[in-house]
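*Asks:* Here it is, the structure, as structure tokens.
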């Protein structure tokens, strides 16, 4: 039994309890920085109350991950399926909690909008493929290794590699024993999603993101999914996190909640254009700080170098924008943000662009010297499917048994914006 | 310009392998990037279900929903699967020709792996991912035996012999390099 060191009030989950080690981690400056990274960047330009931060979300994800983990391991069959020994449950819970707590610690200012000014991956990086940028996960992993190692490994039971493995670190060694739990941190029913739907919905004042949290926690389990090819030949089988059939309606509701949040909030036409303004203003700010190419410094194993990235947060960048450092020679994206004078929507396409649409887009680009073309609002909301463990013991995809899920739209939206 | 790079790539892969299933398509994309020098705008990670990219799955689902790809559902016993195809008309309207070098990479990959079943590819891709991970990290002290043991942890339903044979095959056809 671990002694509770603190209880933090949360509007979504009630009290979130922390042990001494977690409290120590939260008190580190790099973690406290998350108080200055808004969860949804400049969404408050549309929904004024969307000012919640990555800090409270990180606490919420830790809480949700714990509840989900507890629900899974309360069933001995699940332990067997995931090859977890009873003696390891306590230790694995600690790893899951720390991973969930730290999963977003590397987020840039303006959250996801800041990822477009991350540098290109170094050639000696295991993820290098040419022309690809670092992502916030790379900075999270670097921060965990550099700034949090001593706080994590003061607990003899836990290795930093185990935390990093669950975040997708290709350098984490000897951690395959945790592979069945990856879905808790990154999967179709992960703790991240489970928290942000409720939290964003609450803070924005919309109801779309609500779902039955208690039913969700009680429904989560482990299923064995088997596949066959069209000829009936055995293809593959694997264990994956699933929802019990008794939670089918809840699962449908959760997918609908995600769909509604994406189509109404995350893909909102004005919210989307501010992601682009934020990225462009941020680039100018970074240039003004003499950072090469207007990009963040790459994640480094050297604490001083890595700190240069973590010195930037929303406060610092918005302060710089207020000083005029977010404006370039031609375009004034900083001023756009300060005065809420965003580029206006000129054209929208639903679905994919055929030849005629592509010509139209090219003409619009010629017509408007300054413009923003947004083609990234696609199906990110529904990348993977939820597994349902049926009462008969089979594990199937939700979309294969739910007409509702089959029928709902998957928005593919492309938009062209330009100044009035 | 109309389609994202990955969407165009997926259309091209399916055009060359009509009737392909989702698992096989995912493994093709993985091998194309990992072993044949092809461009795929996605990170692959390892899960209990093997090498997987949620970006590829998202783009595929998007193309299916927008009816650029036909996903014909089949049910065998209690199992459901999908056969993917793209019509000539859709391909003509939406797809763009890949750069010659990329097309050559795809041809090499399909030439070598096109006839493999999804089950074969599941094992081959897992062995490739784990072996390359060992190499990239210079885990020299972890020999082939360790690789087999990790693969077995992830894919316990494959026998030890099957895993060793898959490793040998990958060395034999040059997808994995000795040493």
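*Asks:* Scan region A:252-267 and tell me whether some residue there is surrounded by fewer than 17 Cβ atoms within 10 Å (Cβ to Cβ) and either over 26 Å from the mean Cα position of the chain (by Cα) or over 30 Å from residue B:155 (Cβ atoms) (or both).
*Replies:* Scanning region A:252-267 turns up at least one residue that is surrounded by fewer than 17 Cβ atoms within 10 Å (Cβ to Cβ) and either over 26 Å from the mean Cα position of the chain (by Cα) or over 30 Å from residue B:155 (Cβ atoms) (or both).
Yes or no, residue by residue, for (1) more than 14 Å from chain B (Cβ to nearest Cβ); (2) crowded, with 22+ Cβ neighbours inside 10 Å; (3) in contact with a strand residue (DSSP E or B) (Cβ under 9 Å, 6 or more places away or on another chain):
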position	(1), (2), (3)
A:234	no, no, yes
A:269	yes, no, yes
A:277	yes, yes, yes
A:281	yes, yes, no
A:288	yes, no, no
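*Asks:* Moving on to the next point. Assess whether residue A:243 counts as being touching a residue at least 40 places away in the same chain (Cβ under 8 Å), away from chain B (no Cβ under 14 Å) and part of a strand (DSSP E or B).
*Replies:* Details: touching a residue at least 40 places away in the same chain (Cβ under 8 Å): yes; away from chain B (no Cβ under 14 Å): yes; part of a strand (DSSP E or B): yes.
Against the criterion (touching a residue at least 40 places away in the same chain (Cβ under 8 Å), away from chain B (no Cβ under 14 Å) and part of a strand (DSSP E or B)), residue A:243 qualifies.
*Asks:* Right, next: Please find, among A:312, A:397, A:416, the residue that is out of contact with any helix residue (DSSP H, G or I) (no Cβ under 7 Å at 6 or more places or on another chain), surrounded by 16 or more Cβ atoms within 10 Å (Cβ to Cβ) and within 25 Å of residue B:55 (Cα to Cα).
*Replies:* Testing whether each residue is out of contact with any helix residue (DSSP H, G or I) (no Cβ under 7 Å at 6 or more places or on another chain), surrounded by 16 or more Cβ atoms within 10 Å (Cβ to Cβ) and within 25 Å of residue B:55 (Cα to Cα) leaves just A:397.
*Asks:* Among the residues of region A:202-219, count how many are in contact with a strand residue (DSSP E or B) (Cβ under 8 Å, 6 or more places away or on another chain) and part of a loop (DSSP other than H, G, I, E, B).
*Replies:* The total comes to 0.
*Asks:* Moving on to the next point. Looking at A:104, A:156, can you tell me which residue is out of contact with any helix residue (DSSP H, G or I) (no Cβ under 9 Å at 6 or more places or on another chain) and part of a loop (DSSP other than H, G, I, E, B)?
*Replies:* A:156
*Asks:* With the requirement that a residue be surrounded by fewer than 18 Cβ atoms within 10 Å (Cβ to Cβ) and in contact (Cβ under 8 Å) with a residue 24 or more places away in the chain, what does region A:121-145 give you?
*Replies:* A:122, A:126
*Asks:* Among the residues that make up region A:128-143, is at least one of them closer than 19 Å to residue A:92 by Cβ and at the interface with another protein chain (Cβ under 9 Å from one of its Cβ atoms)?
*Replies:* No, region A:128-143 contains no residue that is closer than 19 Å to residue A:92 by Cβ and at the interface with another protein chain (Cβ under 9 Å from one of its Cβ atoms).
To keep it simple, each residue is scored yes or no on (1) at pLDDT 95 or above; (2) buried (at least 19 other Cβ atoms within 10 Å of the Cβ).
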{"position": "A:4", "(1), (2)": "no, no"}
{"position": "A:9", "(1), (2)": "yes, no"}
{"position": "A:19", "(1), (2)": "yes, no"}
{"position": "A:84", "(1), (2)": "no, yes"}
{"position": "A:87", "(1), (2)": "no, no"}
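*Asks:* Looking at region A:182-191, is at least one residue more than 22 Å from residue A:83 (Cβ to Cβ) and within 20 Å of the chain's Cα centre (by Cα)?
*Replies:* no
*Asks:* Criterion first (touching a strand residue (DSSP E or B) at 6+ places or on another chain (Cβ under 6 Å) and either modelled with pLDDT of 95 or more or in a loop (DSSP other than H, G, I, E, B) (or both)) does residue A:68 satisfy it? Write out each step before concluding.
*Replies:* Working: touching a strand residue (DSSP E or B) at 6+ places or on another chain (Cβ under 6 Å): yes; either modelled with pLDDT of 95 or more or in a loop (DSSP other than H, G, I, E, B) (or both): yes.
For residue A:68, the condition - touching a strand residue (DSSP E or B) at 6+ places or on another chain (Cβ under 6 Å) and either modelled with pLDDT of 95 or more or in a loop (DSSP other than H, G, I, E, B) (or both) - is met.
*Asks:* If you don't mind, another one. Go through (1) assigned to a strand (DSSP E or B); (2) in contact with a helix residue (DSSP H, G or I) (Cβ under 8 Å, 6 or more places away or on another chain) and name the single condition residue A:254 misses.
*Replies:* It fails just one condition, (1).
*Asks:* Can you spot a residue in region B:95-109 that is within 17 Å of the chain's Cα centre (by Cα), away from chain A (no Cβ under 11 Å), outside any helix (DSSP H, G or I) and surrounded by fewer than 20 Cβ atoms within 10 Å (Cβ to Cβ)?
*Replies:* no
*Asks:* Assess whether residue A:173 counts as being part of a strand (DSSP E or B), in contact with a helix residue (DSSP H, G or I) (Cβ under 6 Å, 6 or more places away or on another chain) and without any contact (Cβ under 8 Å) to a residue 60 or more places away in the chain.
*Replies:* Answer is no for this residue.
*Asks:* Which residues, counting only those in region A:172-181, are over 21 Å from the mean Cα position of the chain (by Cα) and at the interface with chain B (Cβ under 9 Å from one of its Cβ atoms)?
*Replies:* Those that are over 21 Å from the mean Cα position of the chain (by Cα) and at the interface with chain B (Cβ under 9 Å from one of its Cβ atoms): A:173, A:174, A:176, A:177.
*Asks:* Among residues belonging to region B:127-159 that are in a loop (DSSP other than H, G, I, E, B) and at pLDDT below 85, point out the one that is farthest from the other protein chains (Cβ to nearest Cβ).
*Replies:* Going through the qualifying residues, I end up with B:143.
*Asks:* Name the single residue, out of those in region A:30-51 being more than 18 Å from the chain's Cα centre (by Cα) and without any contact (Cβ under 8 Å) to a residue 24 or more places away in the chain, that is surrounded by the fewest Cβ atoms within 10 Å (Cβ to Cβ).
*Replies:* Among them, the one singled out is A:48.
*Asks:* Still on this structure, please answer the following. Out of (1) modelled with pLDDT of 95 or more; (2) over 30 Å from residue A:28 (Cα atoms), the odd one out for residue A:224 is which?
*Replies:* It is condition (1) that residue A:224 fails.
*Asks:* Hey, among the residues in region B:110-121 that are within 14 Å of chain A (Cβ to nearest Cβ) and assigned to a loop (DSSP other than H, G, I, E, B), which one's surrounded by the fewest Cβ atoms within 10 Å (Cβ to Cβ)?
*Replies:* Taking the candidates together, the pick is B:115.
*Asks:* Just to be sure, is residue A:199 more than 10 Å from chain B (Cβ to nearest Cβ), within 20 Å of the chain's Cα centre (by Cα), part of a helix (DSSP H, G or I) and within 23 Å of residue A:313 (Cβ to Cβ)? Reasoning before the result, please.
*Replies:* Numbers: more than 10 Å from chain B (Cβ to nearest Cβ): yes; within 20 Å of the chain's Cα centre (by Cα): yes; part of a helix (DSSP H, G or I): yes; within 23 Å of residue A:313 (Cβ to Cβ): yes.
Answer is yes for this residue.
*Asks:* Can we say residue A:179 is closer than 14 Å to residue B:45 by Cβ and in contact with a strand residue (DSSP E or B) (Cβ under 8 Å, 6 or more places away or on another chain)?
*Replies:* yes
The values are calculated or read from the model by the stated rules, or taken from the named source; none is laboratory data. Since the model is a prediction, treat every value here as computed from it, not as a measurement. Note: ideal-geometry Cβ built from the backbone for every residue, glycine included; neighbour counts use all protein chains shown.
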